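For reference, the structure discussed in these notes is given below.
Bear in mind these aren't lab numbers, they're just calculated from the coordinates by the rules spelled out. Not measured: the values here are computed from a predicted model. Reconstructed Cβ throughout: ideal geometry from the backbone, glycine too, with neighbour counts over all protein chains shown.
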Amino acid sequence: MMTAQDILKLTEPKNQNLPKISADSSSKKYDMVYIPVFEEAVKNVEKVFPVLKKLKLKGEKKESHDMVDGGQILRVRGMGKKSEMTNRKIRRMFGQFYLGADSIKVKKIGAFCDELGWAYFAAIGIHVAALNPTIFKSKTKLEKVPEVGLINPQFKARATAVRKEIERGINMAEGKNLMRILGATPPNILSTETYAKVIEALCKRWKVKCKNVSKKDLKKYELLNAVSEGSGHDSKLLMLTIPVAGSKKSTVLVGKGLCYDSGGVQGKGSYMKSMKEDMSGSASVLGAILNIKKNGLKLKQATHFLLPLAENMMGSRAMRADDVWTAGDGQLVEVMHTDAEGRLVMSDAICYAKNHVKDINHVFTIATLTGSCIVALGEVYTGAVCSDEILAQEVVKAGKESGDLVFPGPWDLEFDDNNSPVADVANLGEKDRDAGWIKAGFYLARFVPKNKKTGELTAKFCHFDIAGSIDMKGNGASHRRKGFNSGVGVGYLSAILTK
Ligand SMILES: [Zn+2]
């Protein structure tokens, strides 16, 4: 069976069989060249590839031509309006191009890159697309992957700038691929203990302070512990800290780390497959830290990353519906449903932060939390629940800029019906089927630091639900290979936390 060391090896790009990406001002040396053609920019490509003039291209989406010119394969694709391209679409386009060459064995692939600014998203798209699940197979005689060149004659004069953009994109892709590899690791291998070991080793690699909280110090966090009662593996809590000189306030970011979620004694039935991915929130946090470190981004303020790890299983000691457990801040929580366990471990992680971190003024949470969010938003958008209007706008902007899109739901306390007749809080709303993804955010908000007199939140709060946007249904889509999640969250988390 794979060990923590084996997983760590897979997280290194040199063991992921990824293509080299460079910038080129000429298309000459490539065996195959992808040429996206946009309605507003037909002339751009005709200038570089005069042979295309005879096709009388318009850039419309229905246009598709494969032709051979001087021993070189040209794949011409109409892409519609350039003005309708988003960062997400650009990223996907280059991923599709790369995988489109899979069936034809070529050594060098070129892709025409209309804008310098696209090189960043092209690099992300290509390295995310290239990650191949065969890295988990026993007979890993890795095929030699083709080299990729992003082509534009203007790159000659701006070689340094474009190389930097590619480098930046490769680092972002490394963060996403870290999240994707951890998500894809089988749950019998990535137990809470092994995952904790992996996180500690990653922190050593990145020179980030990491506290693996001892069992004794976790004793009073009953919500966190209760979730793993039916499992042979204990719950864990890791707190990673990146200080910022002169920073008086602190940000807390909590990522859900359910190594497996069977739904507990109430079960999940046929929805259980792919629940190894229920630790993707925590993995997106790790991906963001990697990107922040490798790209040398500057955090806005001191940031504490809390990763609660647990395994929700059925067993004779497993948590029951009707149980009442005490959170680390003294609130009593009634379990209404054993499958609403993610919010239990996350709320206790917020409590741990309240007990150990001074002056918290921002709390973020990220999790594969609710099926309700998948129903509401599908896989394109992450659902967000934000306590502050301006923060909500920042989050949407971070989503657009990174290509990991975010849609904020309404912030209205009318949604908070997480009431228990016997305890202080219930882990499900009374009408749990209605707007469950928003109600889950309001459950978590009950644990965010408050003014004791007025009850108002003293920290700005935003919760991200990535249950849909990790996109396990769309796996095997043309821009990435089957078997991995989408790597979502790494983009907007990096953007929100840094200057
Ligand atoms: Zn669950």
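So which of 273/354; 256/460; 29/89 end up more than 24 Å apart by C-alpha?
273/354; 29/89
Would you please give the residues with an amide H less than 5 Å from that of residue 417, counting only those at least 5 places away or on a separate chain, with H modeled from the backbone geometry?
430
Can you pick out the pairs among 211/248; 216/452; 20/47 whose Cα atoms lie more than 23 Å from each other?
The pairs that break the limit, which is 23 Å between Cα atoms, are 216/452; 20/47.
Could you work out how far the C-alpha centroid of the range 329-376 sits from that of the range 146-167, in angstrom?
44
Given Cβ point charges of +1 (Lys, Arg) and -1 (Asp, Glu) and nothing else, what value in debye, to the nearest 20, does the dipole of the range 160-263 about its Cα centre take?
In total the dipole reaches around 580 debye.
Which of 415, 111, 309 sits farthest toward the positive end of the charge dipole of the chain, with +1 on the Cβ of Lys and Arg and -1 on the Cβ of Asp and Glu?
The one lying farthest along the dipole's positive direction is 111.
Shape verdict for the range 190-497, please, from the Cα gyration tensor: rounded (a/c under 1.5), prolate (a/b greater than b/c) or oblate.
Cα axes put the range 190-497 in the rounded bin.
Got a sec? Which residues in the range 377-412 would a label at residue 456 touch, if it sits 7 Å along Cα→Cβ and we count backbone N under 20 Å?
386-393, 411-412
What's the local net charge at residue 76, with K and R +1, D and E -1, over the other residues with C-beta under 13 Å away?
Net charge around residue 76: +3.
Measure out, as a whole number of angstrom, how far apart the alpha-carbon centroids of the range 217-292 and the range 46-121 sit.
Centre-to-centre (Cα) distance: 41 Å.
Would you mind calculating the relative contact order of the chain from Cα pairs under 8 angstrom and at least 6 residues apart, reporting the percent as a whole number?
16
Under 5 Å between amide H atoms, partner at least 5 residues away or on a different chain: which partners does residue 382 have, H built in plane at 1.01 Å?
The answer is 405, 406, 407.
Give me, ordered by chain and number, the residues 5 or more places off residue 250 or on other chains with an amide H under 5 Å from its own placed amide H.
Answer set, sorted by chain and number: 360, 361, 362.
Between residue 355 and residue 320, what length comes free when the chain is fully extended (0.36 nm per residue of separation minus the Cα-Cα distance, one decimal in nm)?
9.9 nm
Note the angle between two axes, namely the Cα long axis of helix 280-294 and the longest principal axis of the Cα atoms of the chain, as a number of degrees from 0 to 90, rounded to the nearest 10.
In the chain, helix 280-294 runs at an angle near 60 degrees to the longest axis.
I need the phi-derived Karplus couplings for the range 44-57: 6.51 cos²θ - 1.76 cosθ + 1.60, θ = phi - 60°, integer Hz, Gly and Pro marked x.
Those phi angles translate into 3, 6, 5, 5, 7, 10, x, 4, 6, 4, 5, 7, 6, 5 Hz.
Before rounding to the nearest 500, sum -39500 (n - 2.57) across all DSSP H runs of length at least 4 in the chain and divide by the residue total; then give [θ] at 222 nm in deg cm²/dmol.
Dividing the helical sum by the residues of the chain leaves -10000 deg cm²/dmol.
Would you work out which of 227, 148, 135 lies farthest towards the positive end of the dipole of the range 133-254? Charges go on Cβ: Lys and Arg +1, Asp and Glu -1.
My answer, from the dipole projection, is 148.
Quick one: which of 8-15, 435-442 comes out on top by average Cβ neighbours within 10 Å, and what's the full order, highest first?
Packing proxy ranking, top to bottom: 435-442, 8-15.
Which pairs break 26 Å Cα to Cα here: 82/144; 207/249; 56/400; 9/482; 204/268; 207/473?
In this structure, 82/144; 56/400; 204/268; 207/473 lie more than 26 Å apart at Cα.
Could you work out the relative contact order of the range 20-170, using alpha carbon pairs under 8 angstrom and six or more residues apart, expressed as a whole percent?
Once divided by the residue count of the range 20-170, the mean separation gives 34 percent.
Cα to Cα, under 15 Å, and not fewer than 8 places away if on the same chain: which aspartates and glutamates meet these conditions relative to residue 209?
Candidates past the 8-residue exclusion: 200.
Using θ = phi - 60° and the Karplus form 6.51 cos²θ - 1.76 cosθ + 1.60, what ³J(HN,Hα) does each residue of the range 153-167 get, whole Hz, x for Gly and Pro?
Values, residue by residue: x, 5, 5, 4, 6, 10, 4, 5, 4, 6, 4, 4, 4, 5, 4 Hz.
Which of the peptides 201-214, 404-417 is most tightly packed, and how do the rest follow, going by the mean number of other Cβ atoms within 10 Å of each residue?
By packing density, highest mean first, the sequence is 404-417, 201-214.
Can you work out ³J(HN,Hα) from phi for every residue in the range 259-275, in order, using Karplus 6.51 cos²θ - 1.76 cosθ + 1.60 and θ = phi - 60°, giving whole Hz and x for Gly and Pro?
Working through the residues one at a time gives 4, 8, 10, 7, x, x, 5, 7, x, 9, x, 6, 7, 6, 4, 5, 6 Hz.
Angle between the Cα long axis of helix 389-402 and the longest principal axis of the chain, 0 to 90 degrees, nearest 10?
40
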